[in-house]
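The structure under discussion appears below in the form of structure tokens.
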Amino acid sequence: MAAMRAMFEENEKRPEFIKMTKRTLKYIFKIAWKEKKIVYLLFVTKFIAGALGELKLLLLPKLLIDEVEAISIGADVSTHLHNAIIYIAFTIAAEFLSNVLSNIGDSKLNYYSTFFDRILTYELSGKSMEMDFQHTEDPAALDQQNKAKEGISWYSGGVIGILRCFFDIVYNIALMFTSVTLFVFYCPLVLPVQIIGMGLVTYFNYRKQKIAYESFLKLGKINRVFGYYLFEVASQKYGKDTRLYDSSTLMSDRATEYGMESVELFRERATKCCRFDYRSNFANAVRDALSYGYLGYRTLRGLLSLGDFTMCIAATSRLFQSLLGIGRGIQDLSEKCSYAYQFLVYLDYPDALSKGERKVSEGRHEIEFENVSFKYPRSDEYVLKDVNIKIKSGEHLSIVGLNGAGKTTFIKLLCRLYDVSEGRILIDGVDIKEYSEEEYRKLFAVVFQDFQLFAFSLRDNVAMGRADEETNEEKVEEALKLSGLYEDAIKLDKGLDTRLFKSFDENGTELSGGQRQKAAISRALYKDAPIVILDEPTAALDPLAEYEIYKKFDTLVGGKSAIYISHRLSSCKFCDHIAVFSDKTIKEYGTHDELVKKENGIYAEMFAAQAQYYVDVAS
């Protein structure tokens with residue numbers, strides 16, 4: 001009892017387990033009822049199957065043995081033989097029905113387990129795509145994502161795994177009351193022995209559960225890094241680099257390193273759990289010895305018949321199993337829920353940015369950075385400092401500067417992928433934090449340096465700029481023509497319906513770097529947003545293709561506001577103004593003609609250096 005008291009005292013110190021269990025169960029019951037109510041009927045079916053099985057184990061053997069014993073002491077053979085045959089028939093029928101119902105329930109529940117796994121995966125993926133971009137670069141958020149993914153699947157067993165555990169507890173409670181009722185009438189002193197034995201074993205299991213959960217929390221980051229080295233780097237997009245730099249051995253060694261760290265955690269967990277297994281086995285042995293000794297004594301004294309003895313032996317085992325099942329089931333349920341709870345934590349992961357509700361007005365839009373400074377989360381170093389600039393509606397602005405000057409960060413702040421650390425950004429005189437996120441995103445069509453295309457058809461990659469609308473074929477073709485990709489696109493095997501990459505289609509196409517960049521530009525053009533942002537849009541294009549883009553620049557962006565980042569300063573001639581980033585702020589601002597004439601100016605020096613390079617090459 002001291003052991004049980006210690007367990008309860010420790011539980012009181014850890015109310016989070018109760019909170020996790022309650023909240024997780026509420027979520028699991030709700031989603032099961034909403035998506036597939038039939039699973040509850042299937043558990044009732046399994047409950048009936050279990051009850052038939054217990055009838056076969058507890059009552060029917062006693063009745064059959066009592067009939068045989070009656071015949072052995074000279075009772076009427078025909079009467080008791082007839083009864084024995086009936087009991088045998090009931091036993092066979094109970095066995096058959098129990099197995100049939102159990103198999104039906106298990107097969108259907110296994111199917112629904114996969115169904116619910118898909119539902120939860122959709123939830124997880126949806127959260128990952130919708131959460132603030134800032135979290136996608138946050139190790140803590142990524143670790144939580146991995147714990148959520150593993151916790152809601154094989155660690156907890158998902159919806160069906162948790163429901164199985166819950167209904168097993170309900171079943172064991174019913175079985176416990178059945179066994180207790182039998183003992184009250186036949187051998188009441190067995191009850192305290194069983195309860196004490198169950199208490200000890202439950203406590204030992206509780207300690208093992210605690211060790212397992214602590215191990216799980218440590219495994220989150222290790223498994224994420226291990227998975228990265230073993231699976232992510234094996235993906236197609238890293239194929240050229242891993243081969244040309246012969247880095248497969250390095251990656252395998254890193255995977256082995258983290259794999260061994262994971263193995264060491266499991267070894268430590270097993271070592272700690274082992275001593276509680278020994279204690280649990282010893283408690284079981286003592287329980288069996290005392291229970292069976294007491295039942296044997298009562299049978300020898302004639303207080304129990306052979307049938308009663310058989311039933312009580314079976315009931316002893318069933319009582320202990322039910323008590324142990326309740327205790328272990330509560331612990332397992334708590335453990336599974338604590339793992340699955342990490343999924344709920346991830347779904348409720350707090351926003352990094354405050355969300356407004358204001359709608360964006362239609363028409364022309366003026367952008368203003370007002371004393372903006374920024375440093376990335378978990379960093380004390382400013383990336384931008386005291387940036388001030390106003391971009392009028394319809395203006396074409398070119399942003400230049402050396403690598404690391406903060407150009408792309410400037411764009412991320414404008415798109416509100418991050419919030420400013422100091423100062424504010426205004427659109428039409430309103431702080432962008434006041435706008436609805438969905439409304440605000442519609443303002444921008446952006447092509448970043450590290451843009452991504454998807455293993456969809458070329459048409460879908462372009463049209464996803466307006467995924468909430470029906471695809472406009474004419475606009476798709478027009479966007480491809482403007483970017484210069486249309487002629488190449490119609491030559492593909494399936495035209496615009498050709499799937500990109502070979503991930504899911506062996507006949508998929510692998511676009512060249514320049515074609516990929518044109519596809520990304522097409523997507524931005526198709527979105528037809530009032531503000532166009534191009535971050536190094538011609539980096540992968542050949543000189544002729546680059547010239548075509550420059551020549552059509554006004555056609556591409558029209559009268560829209562445009563922000564253009566490029567290291568090729570010749571492109572700046574197509575813009576109204578140029579902002580030169582250096583030392584974490586805007587050092588120079590003006591037209592191309594103004595800045596190129598500025599004595600000792602940053603832009604003038606950069607332009608002269610590039611011009612000299614082309615002169616040297618020509619000579």
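Within segment 386-423, the residues that satisfy the criterion of being small (Gly, Ala, Ser), part of a strand (DSSP E or B) and either at pLDDT below 90 or closer than 24 Å to Ser566 by Cα (or both) are Ser398, Gly401. When Lys34, Lys46, Lys127, Lys62 are checked against the criterion of being basic (Lys, Arg) and loosely packed, with under 13 Cβ neighbours inside 10 Å, a single residue qualifies: Lys34.
Quick grid of which residues meet (1) aromatic (Phe, Trp, Tyr); (2) modelled with pLDDT of 85 or more; (3) under 30 Å from Tyr349 (Cβ atoms):
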site	(1), (2), (3)
Phe90	yes, no, no
Ser107	no, yes, no
Phe133	yes, yes, yes
Asp143	no, yes, yes
Lys149	no, yes, yes
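Do the conditions hold for Val372, that is, is it surrounded by 21 or more Cβ atoms within 10 Å (Cβ to Cβ), within 22 Å of Ile531 (Cβ to Cβ) and either outside the structural domain of Gln144 (by TED's automatic domain parsing) or modelled with pLDDT under 90 (or both)? Spelling it out, Val372 is indeed surrounded by 21 or more Cβ atoms within 10 Å (Cβ to Cβ), within 22 Å of Ile531 (Cβ to Cβ) and either outside the structural domain of Gln144 (by TED's automatic domain parsing) or modelled with pLDDT under 90 (or both).
Is it true that some residue in segment 307-322 is surrounded by fewer than 16 Cβ atoms within 10 Å (Cβ to Cβ), acidic (Asp, Glu) and in a helix (DSSP H, G or I)? Walk me through it before giving the result.
Taking segment 307-322 first, the residues surrounded by fewer than 16 Cβ atoms within 10 Å (Cβ to Cβ) are none.
No, every residue in segment 307-322 fails to be surrounded by fewer than 16 Cβ atoms within 10 Å (Cβ to Cβ), acidic (Asp, Glu) and in a helix (DSSP H, G or I).
For segment 81-118, the tally of residues that are among the small types (Gly, Ala, Ser), under 46 Å from the mean Cα position of the chain (by Cα) and buried (at least 16 other Cβ atoms within 10 Å of the Cβ) stands at 5. Can we say Leu397 is touching a residue at least 24 places away in the same chain (Cβ under 8 Å) and farther than 24 Å from Arg364 by Cβ? When the stated conditions are applied, Leu397 does not pass them. Which ones in segment 139-163 are assigned to a loop (DSSP other than H, G, I, E, B) and surrounded by fewer than 18 Cβ atoms within 10 Å (Cβ to Cβ)? Within segment 139-163, Trp154 is the sole residue that qualifies.
For segment 455-489, filtered to residues that are outside any helix (DSSP H, G or I) and more than 36 Å from the chain's Cα centre (by Cα), the residue that is surrounded by the fewest Cβ atoms within 10 Å (Cβ to Cβ) is Gly484. Would you confirm whether or not segment 424-444 contains a residue that is closer than 28 Å to Gly513 by Cβ, modelled with pLDDT under 90 and either charged (D, E, K, R) or over 29 Å from the mean Cα position of the chain (by Cα) (or both)? Scanning segment 424-444, I find at least one residue that is closer than 28 Å to Gly513 by Cβ, modelled with pLDDT under 90 and either charged (D, E, K, R) or over 29 Å from the mean Cα position of the chain (by Cα) (or both), so the answer is yes.
The values are calculated or read from the model by the stated rules, or taken from the named source; none is laboratory data. Bear in mind the structure is a predicted one, so any value in this text is a computation, not a measurement. Here the Cβ is made from the backbone with ideal geometry for all residues, glycine too, and neighbour counts use every protein chain on show.
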